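Just so it is clear, none of the values below were taken in a lab; they were calculated from the coordinates. Note that the coordinates shown come from a computational prediction; the quantities given were computed from them, not determined experimentally. Please note: Cβ atoms are built from the backbone with ideal geometry, for glycine as well, and neighbour counts cover all protein chains shown.
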Amino acid sequence: MAFDIVLCFITPDAGRVTGFLTAEPIPESLEEVTNARDQIQQRIGDMRYLSIFTRDVSPIIAGKNPTAMEITLPAGVLEKSVLISQIIEVEA
């Protein structure tokens, strides 16, 4: 099995922004994934930016085999946001 760390930011300016911490599920133990999530939560106030990923398959520009879209949240958005996180078990 693998795990996804889902991060949801509720912001006064952008509304709700949700994404995955990594572009692909993490093939580590639940304990390691939980530690990674806890580190993000502890350091969120000191970050200058944070990038999260969507798994939307529709590319912004036409092309073959698009990678996951990346959403970068600057410190100003992070400072004003409420963070909700969740760990989801997925098939590897």
Residue-count net charge about Ile84 - beta-carbon cut-off 12 Å; Lys, Arg +1, Asp, Glu -1: +2
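Where in region 10-72 are there trypsin sites (Lys or Arg not before Pro) that are in a DSSP coil and have at most 16 other Cβ atoms within 10 angstrom of their Cβ? Intermediate results must be reported in sequence, preceding the final value.
Values: sites: Arg16, Arg37, Arg43, Arg48, Arg55, Lys64; in loops: Arg48, Arg55, Lys64.
Counting only loop positions with at most 16 other Cβ atoms within 10 Å, the trypsin sites (Lys or Arg not before Pro) in region 10-72 are Arg48, Arg55, Lys64.
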Sorted by chain and number, the residues with a modelled amide H under 5 Å from that of Ala23, at a separation of 5 or more or across chains, are none
If the only charges are +1 at each Lys and Arg Cβ and -1 at each Asp and Glu Cβ, what is the size of the charge dipole of the chain around the Cα centre, to the nearest 20 debye? 400
If you average the sequence gap of Cα pairs under 8 Å that are 6 or more apart and divide by the length of the chain, what percent do you get for the contact order? 44
Residues of region 40-66 with amide nitrogen under 16 Å from the 7 Å Cα-to-Cβ point of Ala23? 51-61, 63-66
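When the chain is fully extended, how far beyond the present Cα-Cα distance does Glu31 get from Thr54, taking 0.36 nm per residue of separation? Walk me through the intermediate numbers first.
Details: separation 23, 0.36 × 23 = 8.28 nm, distance 2.36 nm.
Taking Glu31 through Thr54 to full extension adds about 5.9 nm, to one decimal.
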So what J values fall out for region 84-91 if you push phi through Karplus, 6.51 cos²θ - 1.76 cosθ + 1.60 with θ = phi - 60°, rounded to Hz, Gly and Pro as x? 10, 10, 8, 10, 10, 7, 10, 6
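Got a sec? How would Asp13, Asp4 order by Cβ neighbour count within 10 Å, fewest to most? Walk me through the numbers on the way to the answer.
Numbers: Asp13 8, Asp4 19.
Starting with the residue having the fewest Cβ neighbours, the order is Asp13, Asp4.
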